[in-house]
Amino acid sequence: MNPTHVNPSTKIFLREAVEISGDVAVIATTIDLFNAATIDVMRVVLGHGASGNAASMKPYVVGFKRRGIDAVAVDLPRGVAEKAVPVFIKTSGRGHEVVGGGQSFGGRVASLAAIDADFGGLVLFSYPLHRPGFRDQLRTEHWPSIKCPTLFLSGDRDPFANIDLLREKVKLIRHARLEVFKGQGHGLLGVLDQALDVAADFIHKEIQ
């Protein structure tokens, strides 16, 4: 969904000003915010990696908000990804105004949830295509059922996703794009600003 101007009410403007600022409250007048950049009505919901939690996704959440995109992280139960799907959807809700996403395990959960919850899009950081050393055991069975625009962001040295395999398998999703970060392994914190710029541009231009 392309960004749209917010209804110019003081209540909405002040809420967005506080959320987008992250940890620092910003004092702004209604006129200041009316003249500011557009604010998305979409919401990005992010799942964490297998060894993380919602708090570990703070750099992603703050990064999206600094780019004018509302975002929130969800705590997921450990273990089988399929069992975490209802927890993800409980936080995300359903429909095209939701962009599912996450890091590694959390991204896999989001991709499963997208099928049932009819998300508007997916933004998947370091998707765990396979376990290290097990390239024949791919986690792609559900990919042909994903109907929304999907962005994969992956390092070319990620042991959880052989880049040549990933380039081939993303074709299973009708509206999928792969962004590769050279020299990066499983995790993109070293290039997070660049990755979030790509993700924000994708949300603005490709998700409707």
### Message
Among the residues of region 80-92, are any over 15 Å from the mean Cα position of the chain (by Cα), loosely packed, with under 15 Cβ neighbours inside 10 Å and closer than 16 Å to residue 49 by Cβ?
### Response
yes
#### Entry: Yes/no for residue 63 being open to solvent by 10 Å² or more (accessible area, probe 1.4 Å) and either touching a helix residue (DSSP H, G or I) at 6+ places or on another chain (Cβ under 9 Å) or not in a strand (DSSP E or B) (or both)
no
### Query
Residue check: is residue 83 without any contact (Cβ under 8 Å) to a residue 24 or more places away in the chain, under 18 Å from residue 202 (Cα atoms), of a type outside the set (Ser, Thr, Tyr) and assigned to a helix (DSSP H, G or I)?
no
### Task
State whether the residues of region 140-151 include one that is on the phi < 0 side of the Ramachandran plot, in a strand (DSSP E or B) and either open to solvent by less than 20 Å² (accessible area, probe 1.4 Å) or touching a residue at least 24 places away in the same chain (Cβ under 8 Å) (or both).
yes
### Task
Scan region 152-168 for residues that are among the charged types (D, E, K, R) and part of a loop (DSSP other than H, G, I, E, B) and jot them down.
156, 157, 158
## Note on the structure
When every residue in region 98-120 that is among the β-branched types (Val, Ile, Thr) and assigned to a strand (DSSP E or B) is compared, the one nearest to the chain's Cα centre (by Cα) is 99
### Message
Residue under question is residue 120, and the condition is that it be under 29 Å from residue 67 (Cα atoms), open to solvent by less than 60 Å² (accessible area, probe 1.4 Å) and at pLDDT below 95; does it hold?
### Response
no
### Query
Would it be correct to say that residue 109 is β-branched (Val, Ile, Thr) and touching a residue at least 40 places away in the same chain (Cβ under 8 Å)?
yes
### Query
Is it fair to say residue 129 is over 11 Å from the mean Cα position of the chain (by Cα) and either at pLDDT below 95 or of a type in the set (A, V, I, L, M) (or both)?
yes
### Message
Looking at 124, 138, 112, 129 in this structure, which one is touching a strand residue (DSSP E or B) at 6+ places or on another chain (Cβ under 7 Å) and under 17 Å from residue 81 (Cα atoms)?
### Response
124
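Each row is one residue, and each column tells you yes or no for (1) assigned to a strand (DSSP E or B); (2) of a type outside the set (A, V, I, L, M, F, W, C).
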residue: 122; (1), (2): yes, no
residue: 129; (1), (2): no, no
residue: 133; (1), (2): no, yes
residue: 138; (1), (2): no, no
residue: 170; (1), (2): no, no
residue: 191; (1), (2): no, no
residue: 196; (1), (2): no, no
residue: 199; (1), (2): no, no
residue: 203; (1), (2): no, no
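The values are calculated or read from the model by the stated rules, or taken from the named source; none is laboratory data. Every value quoted in this text rests on a predicted model; they were computed, and no experiment measured them. Because the Cβ atoms are built from the backbone with ideal geometry, glycine has one as well, and the counts that use them run over all protein chains shown. Just so you know, the surface numbers come from the protein's heavy atoms only, side chains and all, with ligands and any DNA or RNA stripped out. Shrake-Rupley method; radii C 1.70, N 1.55, O 1.52, S 1.80 Å.
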